[in-house]
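S.K.: Got a structure for you, written out below as structure tokens; questions coming shortly.
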Amino acid sequence: MVGRLEALVAFWKEWGIQWMVLLSFALQVTLLVMADVRRHKESRLVTAILWSAYVLADTTAVYALGHMSVASRSPEQELTALWAPVLLVHLGGQDNITAYAMEDNQLWLRHLQVLAVQVRAAAYVLYESPILRHRTLLRPAAILMFVVGILKYGERVWALICASSGASSSLSARSYQDFQKKKKPNASTCSSEASPSRWGCCPHTYSTTESMLFEAYMMLDIPKQMFEGPTRYVQIHDDYSDHNSISQLVGMQLSMMYDLLYTKAAVVHPWHGWCVRVVSQFSTVAALLLFHASTANLLRGGCSRAGVTSTYVLLGGAVVLEIISMARAVFSTWTCVLLQQRGWPRLARVLHFLPWFIRTAMHVRYWSGSMGQHDLVRLCTSSRRNLSSRIARWVGREDLWDSRFYSWSISVPQNIIDRVVDLHFESEGVGRESPDHITNSRGQKALKRGEVTCTTTSTGPSK
């Protein structure tokens with residue numbers, strides 16, 4: 001038994017860091033794939049995999065960096081000088097997921113502290129590494145990856161700060177009526193405020209879907225305010241009078257809000273976000289080429305082929321992930337609307353010559369058509385007898401377990417969407433204080449269907 005334990009310890013000392021670094025890369029790939037799956041498909045298996053990968057990704061990278069700060073003192077561990085910056089890049093996460101839940105955005109200060117600590121840890125690994133004491137090609141490769149790691153992790157922290165800041169935005173439309181004043185009155189002319197010099201082109205000169213996407217973006221401040229709390233009733237005065245168009249418009253805004261709350265969308269598309277992507281792309285490619293040029297010297301110096309192969313996987317994977325990040329940013333619907341808003345119609349038209357990418361981007365911009373459900377009756381009647389609920393109660397996590405176990409998602413029937421839109425149209429022209437108004441009639445329709453009338457009586461002061 002003791003001999004097996006010693007063998008296991010020896011195996012971990014020799015291969016532990018390498019396996020942890022490869023595990024960190026595998027978790028990043030899992031996050032990249034499963035984050036998009038969760039966006040369009042609600043599944044407990046997908047949720048469990050994504051949550052596990054989200055939690056383990058940071059823990060694995062932090063543990064490996066801490067372990068490297070000791071192992072990097074060995075002259076045989078030259079490759080750790082490249083692995084440490086790559087782990088810093090992994091801590092920066094993927095563009096399509098920065099937060100698993102909305103509450104994660106409030107932890108930006110903790111991530112800022114982790115950024116400072118892990119940057120120092122990676123710098124210490126580089127300082128203790130023998131490659132900094134010799135003029136080798138690995139030195140510029142490690143420095144390039146170190147810079148990329150700082151940029152990527154700093155970008156993640158900034159995305160969390162932006163997501164936690166609520167409705168702050170530079171957009172000028174604060175209500176649907178305000179936006180209506182800024183858009184053109186018909187499909188052939190533009191108003192003075194929405195002139196081509198400002199918007200680059202009239203939105204309706206493109207297809208209906210692209211026009212709707214542009215308007216959904218320009219009215220994005222409205223759902224931002226709604227996420228902060230109750231807002232005033234908004235009326236939609238537009239040429240989208242059918243149910244399908246309005247539901248598509250709202251679905252696009254829900255998708256955009258998902259991007260702002262759970263991804264790096266708020267920091268990717270400004271000019272500094274594009275600079276980060278360009279620098280990261282060229283730096284990772286340069287680091288891979290420099291490492292490839294120095295592999296022969298590493299093998300002659302005593303580095304194992306397994307370590308060299310693992311480094312190829314890490315750097316090659318970093319290049320692939322950066323290419324995916326750049327492609328997602330370029331062909332994103334955010335890029336389409338931002339090019340129109342900033343007055344660059346020619347660049348916007350370039351994307352229209354790539355119909356396949358446009359159709360793909362438009363497809364992911366729609367709402368998944370599902371909403372959450374919670375079975376309160378089953379919770380009250382079965383939770384006391386359910387074995388899993390009793391175990392959760394015993395460990396002190398009953399509320400968390402019940403909220404997950406008795407909740408699921410269902411597809412929203414089209415007739416419910418149509419009815420909501422009908423109620424919205426029925427409120428037009430109705431006074432805000434009227435019981436028939438959509439914001440002031442909770443339960444009134446059900447009472448009317450049951451032919452139940454509520455009467456109020458008043459009594460004068462007694463004599």
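The values are calculated or read from the model by the stated rules, or taken from the named source; none is laboratory data. It should be emphasised that the depicted structure is a prediction, and the values quoted were computed from it without experimental measurement. Neighbour counts are summed over all protein chains in view; Cβ atoms, including those assigned to glycine, are modelled from backbone coordinates with ideal geometry. These accessible areas exclude ligands, DNA and RNA; they are computed on the full protein's heavy atoms, side chains included. Shrake-Rupley method; radii C 1.70, N 1.55, O 1.52, S 1.80 Å.
S.K.: Glu6 passes all but one of (1) in contact (Cβ under 8 Å) with a residue 60 or more places away in the chain; (2) surrounded by fewer than 21 Cβ atoms within 10 Å (Cβ to Cβ); (3) farther than 26 Å from Asp259 by Cβ; which number fails?
M.R.: Among (1) in contact (Cβ under 8 Å) with a residue 60 or more places away in the chain; (2) surrounded by fewer than 21 Cβ atoms within 10 Å (Cβ to Cβ); (3) farther than 26 Å from Asp259 by Cβ, Glu6 violates only (1).
S.K.: Does Ser368 satisfy being open to solvent by 40 Å² or more (accessible area, probe 1.4 Å), closer than 26 Å to Met257 by Cα and either modelled with pLDDT of 80 or more or touching a His at 6+ places or on another chain (Cβ under 8 Å) (or both)? Walk me through it before giving the result.
M.R.: Details: open to solvent by 40 Å² or more (accessible area, probe 1.4 Å): yes; closer than 26 Å to Met257 by Cα: yes; either modelled with pLDDT of 80 or more or touching a His at 6+ places or on another chain (Cβ under 8 Å) (or both): yes.
Taking the combined requirement at face value, the residue satisfies it.
S.K.: Residues that are in contact (Cβ under 8 Å) with a residue 40 or more places away in the chain and within 18 Å of Gly92 (Cβ to Cβ), at least 3 per element: which helices (runs of 4 or more DSSP H) completely within segment 251-349 meet that? Break it down stepwise before answering.
M.R.: Details: elements: 265-268, 271-300, 305-330, 333-341.
Filter on segment 251-349 gives 265-268, 271-300, 305-330.
S.K.: Check Thr98, Thr60 and return the single one that is crowded, with 18+ Cβ neighbours inside 10 Å, of a type in the set (Ser, Thr, Tyr), touching a residue at least 12 places away in the same chain (Cβ under 8 Å) and more than 20 Å from Met326 (Cα to Cα). Lay out the reasoning, then the answer.
M.R.: On the way: Thr98 fails: more than 20 Å from Met326 (Cα to Cα).
Being crowded, with 18+ Cβ neighbours inside 10 Å, of a type in the set (Ser, Thr, Tyr), touching a residue at least 12 places away in the same chain (Cβ under 8 Å) and more than 20 Å from Met326 (Cα to Cα) holds for just one of Thr98, Thr60, which is Thr60.
S.K.: Six or more apart or on different chains, Cβ under 9 Å: which pairs go from a residue in segment 408-429 that's among the aliphatic types (A, V, I, L, M) to one that's open to solvent by less than 70 Å² (accessible area, probe 1.4 Å) and in a strand (DSSP E or B)? Could you list them?
M.R.: Correct list of pairs: Ile410/Ser370; Ile410/Gly372; Ile410/Gln373; Val412/Ser370.
S.K.: While we're on this one: Looking at segment 30-55, which of its residues are buried (at least 17 other Cβ atoms within 10 Å of the Cβ), farther than 23 Å from Ala287 by Cβ, at pLDDT 90 or above and not β-branched (Val, Ile, Thr)?
M.R.: Met34, Ala35, Leu50, Ala53, Tyr54, listed by residue number.
S.K.: How about segment 289-318: which of its residues are of a type in the set (A, V, I, L, M) and surrounded by fewer than 19 Cβ atoms within 10 Å (Cβ to Cβ)?
M.R.: Step one: list which residues in segment 289-318 are of a type in the set (A, V, I, L, M), which gives 289-290, 293, 296, 298-299, 306, 308, 313-315, 318.
The answer is Leu289, Ala293, Ala296, Leu299, Ala306, Val308, Val313.
S.K.: Being among the hydroxyl-bearing types (Ser, Thr, Tyr) and modelled with pLDDT of 90 or more narrows it down to one of Thr311, Thr295, so name that one.
M.R.: Numbers: Thr295 fails: modelled with pLDDT of 90 or more.
Just a single option satisfies the conditions, and that option is Thr311.
S.K.: Could we say that Met68 is assigned to a helix (DSSP H, G or I), open to solvent by less than 20 Å² (accessible area, probe 1.4 Å) and over 23 Å from Ile324 (Cβ atoms) here?
M.R.: Working: assigned to a helix (DSSP H, G or I): yes; open to solvent by less than 20 Å² (accessible area, probe 1.4 Å): yes; over 23 Å from Ile324 (Cβ atoms): yes.
So Met68 fits the description; yes.
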